[in-house]
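To start, the structure under review is shown below, and the notes come after it.
Rule-based calculations on the coordinates, nothing more; no lab input. Since we're looking at a predicted model, the values are computed, not measured. Glycine also receives a Cβ, built like all others from the backbone with ideal geometry; neighbour counts cover every protein chain displayed.
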Amino acid sequence: MNRLRALSANIAPISLLVLVFIGCALIDGRILAPANLMIILTQSVPILILALGAFIVLLTGGIDLSAGVSVTLGSIVIASMLTTGANLFPALAAGLVCVVVIGIANGTLVTLFRVPAFITTLATMSCIQGISLLLATRGVYVINEPALKWLGTGRVEGIPVSILVAIIVICAAYVLMHHTRVGLRTYATGSDPTATALANISTSRVLMLAYVIAACFTFLAAVMLIARTPIVTPNLGGQSLLLDAIAACVLGGVSIFGGRGTVLGVVAGSLIVSLFANALRVIGVDPSSIDLMKGALVISALVCDVGIARLRGGVLKEESHDYR
C-alpha cells in the first residue's frame, strides 16, 4: 500500500497531463491537431527552461520573483547590442553576465544578509524593471540575427531546433539534479537545512549556487524567447512568463515548501500550462481573460501541492509506523 501511494504521488503530474490532454480532445479536436501540437511544444520551450530554473530555487524552500523580469532585461541587453552592430557571442555574453549578476545579488542577500527570498527577489524585481525601462530607450528592438532565427524557427530532419535544445536542457537538468552532489545537496537543504548543516554541508553555498544556476536557466529562456519572437520590448517575458513557470513547477509536483520535485514533473507541468493556454485561444476565450484563467490555474496548482504533500505525508507516517 505504501509503495502504491508513493507511486501515485510520483506519477501525479503525468496523470494530470493525460487528463488535460483528454479534456482538450473532448472540448475541441483542433487543439490536438498535429500542427497545433507542434506550436504548443515550441511555445512551451521558454516556459520549460525558466521553470527548470524556478524549480531549483523552489527546492531550497525559496522563490525567485525576479526571474521573469530578468528574462526581459537579458533580452534587452542582447537586442540592444545586436542592433548597435555587436557580434552575436559578445551580445550573448553580456546578457549572461547581466542575468548571472542578478542571481549572485539574490543569493548574497538571501545567504549573507538572511533576507527572506520573497522580499529579496521582490525588491530586485522592482529594480530590474526600472533598469529595463532605462535601457530600452528605443522601446522596440527588431533582431535580424540568422543564428538566432535558426534557433527559433529552424528544423533538423523536420524537428524544430528549439525542441532539440529543450531536450538537451532537460537531459542536462536531469543529470545535474538527480545524479550530482549539487542536486542531492539542493534536495537535502530544502528538505531539512538543519540536518544538512550538521552533515558539514554549507547550506549558504548551496543556496548561492541554486540562485546562480537558476540565473543561467533564465538566460537560456531569454535566448529562446528572442529566437522565437525577434521583436524585443520592455514587456517581453515579465510576470506573465514567471506565472507560467511557477504554475508549471507546482503542477509538476514541485513543493513551494522545498525539498520535493523532479525534472520530469516540471516538463509535464510546462506542457500542461502551454496546452491550457493554447486551448483557451483555440476555443475563443478573450485574450484579456487568459491571465485570469492562468491565475485560477496557479490556485489549482497550489491545491494540488497541498494534496500531494498530504499524500506523501501519509506515506512517511505509515513507513515510520512500520519501523516501530
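Which of 85, 31, 174 sits farthest toward the positive end of the charge dipole of the chain, with +1 on the Cβ of Lys and Arg and -1 on the Cβ of Asp and Glu? Sorting the options by dipole projection puts first 174. The structure-derived value of Kirkwood radius over Cα pairs in Å appears in the list [x] 20.3; [y] 22.8; [z] 19.4 under the label [x]. With a cut-off of 13 Å between beta carbons, the residues surrounding residue 245 carry a summed charge of -1, where Lys and Arg count +1 and Asp and Glu -1. Annotation: extensible slack from residue 126 through residue 21 equals 34.1 nm (criterion: 0.36 nm per residue apart, minus Cα-Cα distance).
Dividing the summed -39500 (n - 2.57) terms of all DSSP H runs of n ≥ 4 by the residue count of the chain sets its mean residue ellipticity at 222 nm at -26500 deg cm²/dmol. Computed about the Cα centre, the dipole magnitude for the chain is approximately 340 debye when only Lys and Arg (+1) and Asp and Glu (-1) carry charge, each at its Cβ.
Computed extension length for residue 133-residue 299: 56.7 nm, one decimal, from 0.36 nm per residue of separation with the Cα-Cα distance subtracted. Farthest toward the positive end of the dipole of the chain, out of 253, 48, 150, is the Cα of 253, where the dipole comes from beta carbon charges about the Cα centre. What is the calculated FRET efficiency for residue 97 to residue 197, with r their C-beta to C-beta distance and R₀ = 41 Å, to the nearest 0.05? Computed FRET efficiency for residue 97 and residue 197: 0.85. So which helices of the chain fit the span-like rule, where a helix is a whole DSSP H run, its Cα atoms reach 27 Å or more along the axis, and its mean Kyte-Doolittle is at least -0.5? Helices meeting the criterion: 34-59, 88-111, 203-228, 263-282, 287-323.
For residue 159, no residue whose modelled amide H falls within less than 5 Å of its own remains once neighbours fewer than 5 places apart on the same chain are excluded.
Between residue 231 and residue 281, the modelled labels are 1.4 nm apart [label points 7 Å from Cα along Cα→Cβ]. Computed on the stretch 132-225, with alpha-carbon pairs under 8 angstrom and 6+ residues apart, the relative contact order is 20 percent. Computed from label points 7 Å out along Cα-Cβ, the spacing between residue 104 and residue 140 is 3.6 nm. For the stretch 2-313, the relative contact order comes to 34 percent (Cα pairs under 8 Å, sequence separation of at least 6). Computed from the Cβ-Cβ distance with R0 of 35 Å, the FRET efficiency linking residue 176 to residue 88 stands at 0.85.
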